[in-house]
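Since the structure comes first, as C-alpha cells, the remarks are kept for the end.
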Amino acid sequence: MDYLQLAKTYKTPLYVYDLAKITDAFSEMKDAFKARKSLVCYALKANSNLSIIHHLAKLGSGADCVSIGEVKRALKAGIPKYKIIFSGVGKQDIEIEEALQSDILFLNVESEEELFRIESIAKKLDKVARISVRVNPNIDAKTHPYISTGLSENKFGVDIEQAKSMYIFAKNAPNLEPIGIHFHIGSQLTELEPIKQSAQKIAELAHSLLALKIDLKFFDIGGGIGICYTDETLINPYDYAQAILGALYGLDLTIICEPGRFLVGESGVLLTSVLYEKYNGKKRFVIVDAAMNDLIRPALYQATHEVEYILKGNRESHTLTDNLCDVVGPICESSDYLAKNIKLPSLQAGDVLVLKNAGAYGYSMASNYNTRPRPAEVAFMGEDVRVIKHRESLDDMMRDEAELLQNYEDSKCD
C-alpha cells in the first residue's frame with residue numbers, strides 16, 4: 001500500500017487497516033480449534049470501529065464486550081445475539097437490564113454482589129439470565145502489570161472456592177442459568193505455560209461443577225495471545241489450542257476464545273507527518289503531528305512500535321544518522337512520545353513516519369486531550385481503500401458544549 005499517497009489524500013495523523021490481515025488472523029485462530037466445538041469472540045476493546053467488527057462478523061466471529069455500548073456496537077455491526085458475551089467488573093443495572101433484554105449468549109459474572117444483582121434484575125424482568133463466572137486462577141501471566149488480570153491482586157474474577165458457592169447459588173436460583181465457566185489471565189501473552197496451568201486449574205473446577213449437576217456448556221478461555229512489536233517470542237495458535245484441548249480432556253464443552261490484539265493488531269499502522277527536528281543540547285527530537293492522545297500505548301505501557309520512514313519528494317539520502325532520536329508529539333507532557341532512542345535519517349517537514357502494529361488499542365484508546373481532534377481511519381482490501389471513520393473537527397468536539405453555553409446565556413437574558 002502507498003502510505004505516502006494515503007497521507008496526502010486523507011491527511012495525518014491517520015490510522016490505516018489491512019482487512020486481509022484480519023481475515024488471515026481470524027482463520028488461523030478458528031482453524032487451530034477446528035478439532036472441537038468452538039466460538040471465536042472478537043474482543044471489541046481492541047478496536048471497536050463498526051467496519052472492523054462487521055468484517056469479522058462476516059467471517060463468523062462472535063463478540064466479547066465489556067460495556068453495553070460494545071454490545072450495541074456488536075449488534076449493529078451484524079454479530080448475532082447468540083454469539084455475544086458481556087464481561088466486565090462494573091456492570092451498571094441499566095447495562096445488565098439491556099443485556100438481558102437483548103438476549104445475548106451470557107453475562108460473565110465477576111463478583112457475588114454482581115450475581116445477586118443480575119438475579120434481582122432478571123426476576124424483575126421475568127427472565128432467566130444465562131451466566132458464566134469469571135474465575136481468577138491466581139497464576140502469573142508474565143506480562144506487563146497493567147495488563148495482567150489473573151492474579152489475586154488484580155480486580156478481575158473470583159477465586160475457586162467463591163466461584164463454587166456462586167455456581168451452587170445460581171443452580172438453585174429460578175432466574176439464573178449457569179452455562180459457562182471463564183478465565184482470562186492477561187493481555188499480550190508470550191508464554192504458553194501460564195495459560196496451560198490456568199486451563200488445567202479451571203478444567204478441574206469444571207469437572208467438580210458437572211459432578212454437582214451444574215450443566216455447563218461453554219469453557220471460555222479468554223484471549224490475550226500476543227503479537228510481535230519488537231522481538232517477542234510468540235505463541236503459535238496451534239500450540240495454544242493443543243494446550244487447551246489437553247486440559248479439557250474428558251470435558252464435552254464448547255471452547256470460547258476472545259482474541260482482540262491477535263486479530264487486529266498487526267493489521268493497522270498509524271501514519272504521522274514530520275513537523276520539525278530540534279536539538280536540546282545533544283538530544284535530538286523529531287516532532288510529528290501525532291501524539292499520545294492518538295496512540296497512548298508508549299506513554300501508558302512503555303510499549304514499543306517499530307517506526308518506518310517515507311521521505312517526500314525525490315530525496316535519495318536514506319542514511320540513518322548516528323544521532324538517536326525521540327519521536328515526540330505536540331502535547332504539553334514530557335510523556336508525549338511515540339518512540340525513544342531510535343535511528344532515523346535526517347528528516348524534513350512533510351516526511352511520513354509509519355508506526356507499525358497499531359491496529360489494537362490505538363484508536364480505541366484515543367482521546368481529545370489538549371483539544372486535539374481524533375484522527376481519521378481508513379481500511380483497505382487489495383487496492384480498494386475506504387474511509388471508515390472521518391477525522392473529528394473542532395466543531396464536532398465543541399458542538400454540545402457550545403449549545404449548552406449558548407442556552408445558558410440565552411436563559412440569563414430572558
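The values are calculated or read from the model by the stated rules, or taken from the named source; none is laboratory data. In this text the structure is predicted, and so the values were computed from the model without any measurement. Here the Cβ is made from the backbone with ideal geometry for all residues, glycine too, and neighbour counts use every protein chain on show. Side chains included, ligands, DNA and RNA excluded: accessible areas come from the protein's heavy atoms. Shrake-Rupley method; radii C 1.70, N 1.55, O 1.52, S 1.80 Å.
Yes/no per residue for (1) surrounded by 13 or more Cβ atoms within 10 Å (Cβ to Cβ); (2) within 30 Å of Ser187 (Cβ to Cβ); (3) touching a strand residue (DSSP E or B) at 6+ places or on another chain (Cβ under 8 Å):
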site	(1), (2), (3)
Cys332	no, yes, no
Leu338	yes, yes, yes
Lys356	yes, yes, yes
Tyr363	yes, yes, yes
Tyr369	yes, yes, no
Arg372	yes, yes, no
Pro375	yes, yes, yes
Arg386	no, yes, yes
Leu394	no, no, no
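Within the range 119-147, being at pLDDT 95 or above and farther than 18 Å from Phe219 by Cα holds for Glu119, Ser120, Ile121, Ala122, Lys123, Lys124, Leu125, Asp126, Lys127, Val128. Residues in the range 122-133 that are of a type in the set (A, V, I, L, M), open to solvent by 10 Å² or more (accessible area, probe 1.4 Å) and either in contact with a Pro (Cβ under 6 Å, 6 or more places away or on another chain) or in a helix (DSSP H, G or I) (or both): Leu125 only. Among the residues making up the range 66-110, those that are outside any helix (DSSP H, G or I), surrounded by fewer than 18 Cβ atoms within 10 Å (Cβ to Cβ) and at pLDDT 95 or above are Gly78, Pro80, Gln92, Asp103.
Pairs meeting the criteria (first residue in the range 390-402 and not assigned by the TED database to the domain that holds Ser367, second residue surrounded by fewer than 11 Cβ atoms within 10 Å (Cβ to Cβ) and in a loop (DSSP other than H, G, I, E, B), beta carbons under 7 Å, at least 6 apart or on different chains) are lacking.
Filter the range 231-249 down to residues that are open to solvent by less than 50 Å² (accessible area, probe 1.4 Å) and within 14 Å of Phe33 (Cα to Cα), then give me how many there are.
First, the residues of the range 231-249 that are open to solvent by less than 50 Å² (accessible area, probe 1.4 Å): 235, 237, 240-241, 243-245, 247-248.
Next, from what is left, pick out any that are within 14 Å of Phe33 (Cα to Cα): 237, 240-241, 243-245, 247-248.
The qualifying residues number 8.
Scan the range 245-254 and tell me whether some residue there is in the same structural domain as Ile185 (by the TED database) and of a type in the set (Ser, Thr, Tyr). Yes, there is a match, as at least one residue in the range 245-254 is in the same structural domain as Ile185 (by the TED database) and of a type in the set (Ser, Thr, Tyr). Highlighted here are the helices (runs of 4 or more DSSP H) found entirely within the range 232-340 that include at least 2 residues which are touching a residue at least 24 places away in the same chain (Cβ under 8 Å) and hydroxyl-bearing (Ser, Thr, Tyr): 237-247. Taking the criterion of being outside any loop (DSSP other than H, G, I, E, B) and either surrounded by fewer than 17 Cβ atoms within 10 Å (Cβ to Cβ) or modelled with pLDDT of 95 or more (or both), would at least one residue in the range 220-230 satisfy it? Yes, that holds for at least one residue. Checked against (1) farther than 15 Å from Gly226 by Cα; (2) within 20 Å of the chain's Cα centre (by Cα), Ser267 passes all but condition (1). Flag not set for Lys45, criterion: buried (at least 19 other Cβ atoms within 10 Å of the Cβ) and under 17 Å from Ala129 (Cα atoms). Quick check on the range 250-262. Is at least one of its residues under 24 Å from His55 (Cα atoms), among the basic types (Lys, Arg) and either under 16 Å from the mean Cα position of the chain (by Cα) or surrounded by fewer than 17 Cβ atoms within 10 Å (Cβ to Cβ) (or both)? Among the residues of the range 250-262, at least one is under 24 Å from His55 (Cα atoms), among the basic types (Lys, Arg) and either under 16 Å from the mean Cα position of the chain (by Cα) or surrounded by fewer than 17 Cβ atoms within 10 Å (Cβ to Cβ) (or both), which makes the answer yes. The residue pairs whose first member lies in the range 189-201 and is free of Cβ contacts under 8 Å to residues at least 24 places away in the same chain, whose second member is in a helix (DSSP H, G or I) and open to solvent by less than 80 Å² (accessible area, probe 1.4 Å), and whose beta carbons are closer than 9 Å, counting only pairs six or more residues apart or on different chains, are Glu193/Ala243. Flag not set for Ser187, criterion: surrounded by fewer than 17 Cβ atoms within 10 Å (Cβ to Cβ) and under 24 Å from Leu105 (Cβ atoms). Could you tell me whether any residue of the range 277-293 is among the charged types (D, E, K, R), within 22 Å of Glu70 (Cβ to Cβ) and modelled with pLDDT of 95 or more? Taking every residue of the range 277-293 in turn, none turns out to be among the charged types (D, E, K, R), within 22 Å of Glu70 (Cβ to Cβ) and modelled with pLDDT of 95 or more. Scan the range 13-37 residue by residue and report those that are surrounded by 23 or more Cβ atoms within 10 Å (Cβ to Cβ) and out of contact with any helix residue (DSSP H, G or I) (no Cβ under 7 Å at 6 or more places or on another chain). Across the range 13-37, the qualifying residue is only Pro13.
Residues that are at pLDDT 55 or above and outside any loop (DSSP other than H, G, I, E, B) within the range 148-160 comprise Val158, Ile160, listed in sequence order.
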